[in-house]
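Down below is the structure, laid out as structure tokens.
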Amino acid sequence: MSVIPSIATGSTVAVVQYAIGPLKSERAYWSRIRRYIDRAVRQHVKLVVFPEYLTGHLLALHPTVSNAEACEILHGYTDAYMEHFSAWSRETGLLLLAGTHIHREGAPAGRYYNEAFLFFPDGRIERHKKVHLTPEEQRAWPLDPGDRFDVFETPLGKIGIQICYDIEFPEGTRLQADRGAELILCPSYTDAAAGYYRVRNCSQARAVENQLYVALSGIVGSMPDVAQVDAGYCQAGVFAPCDRPFPPDGILALGAVNRSAVALAPADLEQLRLNRTEGGVAPFYDRRPDVYTAAAKR
């Protein structure tokens, strides 16, 4: 596992390129996740962002199953998932976006959701259900979509969550930005380069048009015998507007393609506010909703 050096002192956000592969035991799985957290602690990080389908790695411990069976298997790990991440957040003082976890709400005939959980050191837990299910998730998985775009108050500022495909739709991030979001967390799982670049390019677009930060994490590695999470393609990153005081390309950090890594970058709210007041352009403020509404009615 490599750690990409911080581009500035006081880095606060770590995005994880989580490596899947063979697993010997459930204990080995939790130990692997803890190693990523320990590396973040040593780098004085305040927030760690794990990828979508993080607990999907646990399917390596089971024989080949259908997607419906996989959902119920993963639901069986819910208590352990909540307990581990709650304890780690309290112990380390870190905010932990624990990727996403498929779980069931209600009785055995209840609904399954692909949901992200944000753990706070004081025990608080915030949640975001994936709103935009991919065509495959709609067709082949027994998943229900979420219907909210909340914004969460944190010590790092106001945070919104967009799960993978969610980021490809501008409306959700704009709703969160209008409610004060300054950092968007995007846990993703893409199994090919095309999917990755859709999510990454849209992450950068959301950063530009809303003048905020986007932190993108993802899965790398392969599990050929696990149909649900068989391979991952990712270059995790932290993105800002392509305007002063940020780099011209808006890239604050990038991992190495398809390697297990933790990429680090600052999410300095003063720089973000400077961009919003003194940047060369102001797309967040220069919108023309009156024109958009009128044009839509023509």
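The values are calculated or read from the model by the stated rules, or taken from the named source; none is laboratory data. Please read these numbers as outputs of a predicted model, since none were measured by experiment. Don't worry about glycine lacking a Cβ; one is built from the backbone with ideal geometry, like all the others, and counts go over all protein chains shown. We work out accessible area using only protein heavy atoms, side chains counted, and drop any ligands, DNA or RNA first. Shrake-Rupley method; radii C 1.70, N 1.55, O 1.52, S 1.80 Å.
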Surface/4 estimate of mean projected area, convex hull on alpha-carbon atoms of the range 89-209, nm²
8.5
Eligible lysines near LYS158 by straight Cα distance, threshold 25 Å, same-chain separation 8 or greater
LYS46, LYS129, LYS130
Please work out the Kirkwood hydrodynamic radius for the range 15-115, using every pair of different C-alpha atoms, and report it in angstroms with one decimal place.
14.3
Positive-end extreme of charge dipole, the chain - chosen from GLY56, PRO247, TYR112 (charges on Cβ)
PRO247
Report the dimensions of the range 209-262 along its three principal axes from the alpha-carbon atoms, largest first, rounded to Å.
47, 20, 14
The computed P(r) of the range 123-268 puts the percent of Cα pairs beyond 23 Å at 35
Whenever you get a sec, compute what percent of the accessible area on the range 1-127 sits on carbon and sulfur atoms (1.4 Å probe).
51
Could you tell me what percent of the accessible area of the range 128-285 is made up of carbon and sulfur, with a 1.4 Å probe and every protein chain present?
52
Under 8 Å for C-alpha pairs, at least 6 residues apart: give me the relative contact order for the chain, rounded to a whole percent.
23
Cut-off under 5 Å, modelled amide H: who pairs with CYS234 long-range
ASN258
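Considering only DSSP beta bridges whose two residues both sit in the range 92-179, what percent are antiparallel, to the nearest 5?
Antiparallel bridges make up about 95 percent of those DSSP assigns within the range 92-179.
Set the Förster distance to 51 Å, then compute FRET efficiency between ARG42 and VAL65 from the Cβ-Cβ distance, nearest 0.05. List each step's numbers first, then the result.
On the way: r = 37 Å, r/R0 = 0.73.
It comes to 0.85.
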Work out from phi, with θ = phi - 60° and the Karplus expression 6.51 cos²θ - 1.76 cosθ + 1.60, the ³J(HN,Hα) of each residue of the range 284-289, listed in order in whole Hz, and give x for Gly and Pro.
5, 9, 8, 5, 10, x
I'd like to check one number: the per residue accessible area of the chain, probe 1.4 Å, reported in Å² as a whole number.
43
Size of electric dipole in the chain: Cβ of Lys, Arg +1 and of Asp, Glu -1, about Cα centre, debye, nearest 20
400
